[in-house]
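Asker: A single structure is presented below for examination.
Since every read-out is calculated from the coordinates, none of them should be taken as a lab result. Keep in mind the model is a prediction, meaning the values are calculated, not measured. Please note: Cβ atoms are built from the backbone with ideal geometry, for glycine as well, and neighbour counts cover all protein chains shown.
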Amino acid sequence: MFNDRFVQLLQKKNMTGYRLAKITGLSQGLISDYKSGRCVPSAAASTKIAEALGITVDELLGRDSSTAEVQTTESDAFSDLFASLSTEDQMEIVRLMLDKKNKK
């Protein structure tokens, strides 16, 4: 899971959540949420974190370079499709996803 890898990378780089928050401009609460697994960083936040830790986003996410391109292409396609939907349809999809997640 992302949070386990994130905590390991912080320890390996001798970086505190406070220091990372100061460097990236992200809130300490958000960094704490990433560490605990309550949420995962957005693409923009992942870039800031990776830069602060001196690693690539792929390394941060635990991806190897052979799968990164395929995952990015699929993610871009999904993002484009989602963005083309009306706000109402987007909200319905989010509700369905949350309902599914909460049933697990």
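Asker: Enumerate the lysines that LYS13 could reach by cross-link, defined here as Cα to Cα under 19 Å, with residues fewer than 8 away along the same chain left out.
Answerer: LYS22, LYS35, LYS48
Asker: How big is Rg to Rh over the chain, alpha-carbon atoms, Rh as the Kirkwood inverse-mean-distance radius?
Answerer: Ratio value, two decimals: 1.02.
Asker: Now, a different point. What is the spin-label model distance, in nm, from LEU81 to ILE23 if the labels are put 7 Å beyond Cα along the C-beta direction?
Answerer: 3.7 nm
Asker: Could I get the Rg over Rh figure for segment 13-62? Both from C-alpha atoms, Rh via Kirkwood, rounded to two places. Numbers along the way, then the final one.
Answerer: Numbers: Rg = 9.8 Å, Rh = 10.7 Å.
My calculation of the ratio gives 0.91.
Asker: Let me ask something else about it. In straight Cα distance, which aspartates and glutamates are under 14 Å from LYS100, not counting same-chain residues fewer than 8 positions off?
Answerer: The reachable aspartates and glutamates, counting only those whose Cα sits under 14 Å from LYS100, are GLU92.
Asker: Under the Karplus relation 6.51 cos²θ - 1.76 cosθ + 1.60, θ = phi - 60°, what is the ordered set of whole-Hz ³J(HN,Hα) values for segment 5-17, x standing for Gly and Pro?
Answerer: For segment 5-17, the Karplus curve yields 5, 4, 5, 4, 5, 4, 5, 4, 8, 6, 10, 8, x Hz.
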